[in-house]
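Visitor: Here it is, the structure, as structure tokens.
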Amino acid sequence: MNKKKQFVVWGLGRFGASVAETLVGMGHEVLGIDHDEEVVQEMADKLTHVVVSEAIDETVVKSLGLRNFDAAIIAIGDLEPSLLCCMILKEAGMATILAKASSEIHGKMLKKIGATSVIFPERDMGRRVGHSLGFTNILDFVELSDNICLVELDAPVGAVGKSLVDLDVRRRFGVNVVAVKHPDKKTEISMDPQKPLIARDILVLIGTQKDIEKLREEL
């Protein structure tokens, strides 16, 4: 069982609210902060704690004991408040800070100030949708880093009836099969490598985009 953690989400727009609700759904405690009282009231029954705060300053951080939280998620789109929030949380001793960025420059500035990780929701979703639409048998695409991606791929016709041993995709393409989703909705993370794939199986793959595209073309 996962240990219950404490998170603070600063900014309860669509992105921040979605992250906060997901964390609560996983059994964690979430403090949501926003300057808009109406937004905070809407989230009051969904999160562990909510706070209305017009100011982004050291007083707020200290009064809420934020340095004791496991991580902070800065979901503020505007440049100046976002950077200020990141700087204050870092100076307060927050070890893990994930921050939303609206541009590459914004992201670089957040990293420079001390963000542990920078998220680009609009860019990443755009790429995800683009890959899903651009390739007929790619159902989902998540970029894990600049070069590595996680892809859900309809089992190609050439793979149906063959086992993972037969396909040998790691040696042939440098791609790892991390799971197989079956038509009955069952997902096998450690699938029997001798078991043949069936029509409408979905392969969950991890590898470089180049290697995964090569696999698609050759299978």
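Quick note: the coordinates plus some simple rules give every number you see, no bench work behind them. Just so it is clear, the model here is predicted, and its values are computed rather than measured. Heads up, the Cβs are rebuilt from the backbone with ideal geometry, glycines too, and the neighbour counts pull from every protein chain shown.
Visitor: First check a/c for the stretch 4-118, with a ≥ b ≥ c the square roots of the eigenvalues of its C-alpha gyration tensor; if it is under 1.5, answer rounded, and if not, answer prolate when a/b is larger than b/c or oblate otherwise.
Guide: Values: a/c = 1.43, a/b = 1.35, b/c = 1.06.
Rounded is the answer for the stretch 4-118, as its axis ratio a/c remains below 1.5.
Visitor: Still on this structure, I have one more. How do Leu167, Leu64 line up, fewest other C-beta atoms within 10 Å first?
Guide: The fewest-first ordering by Cβ neighbours comes to Leu64, Leu167.
Visitor: Cα atoms only, the chain: Rg and Dmax in Å?
Guide: 21.2, 63
Visitor: Counting other beta carbons within 10 Å of each residue's own, what order do His35, His49 fall into, fewest first?
Guide: His49, His35
Visitor: Run the quick spin-label model on Ser102 and Asn176: label points 7 Å from Cα toward the beta carbon, then report their separation in nm to one decimal.
Guide: Taking the simple label geometry, Ser102 and Asn176 are separated by 3.8 nm.
Visitor: Run through the stretch 1-69 and list the trypsin sites (Lys or Arg not before Pro) located in a DSSP loop whose Cβ has at most 16 other Cβ atoms within 10 Å. Could you put the intermediate results ahead of the total?
Guide: Working: sites: Lys3, Lys4, Lys5, Arg14, Lys46, Lys62, Arg67; in loops: Lys3, Lys4, Lys5, Lys46.
Listed in order of number, the matching sites are Lys3, Lys4, Lys5, Lys46.
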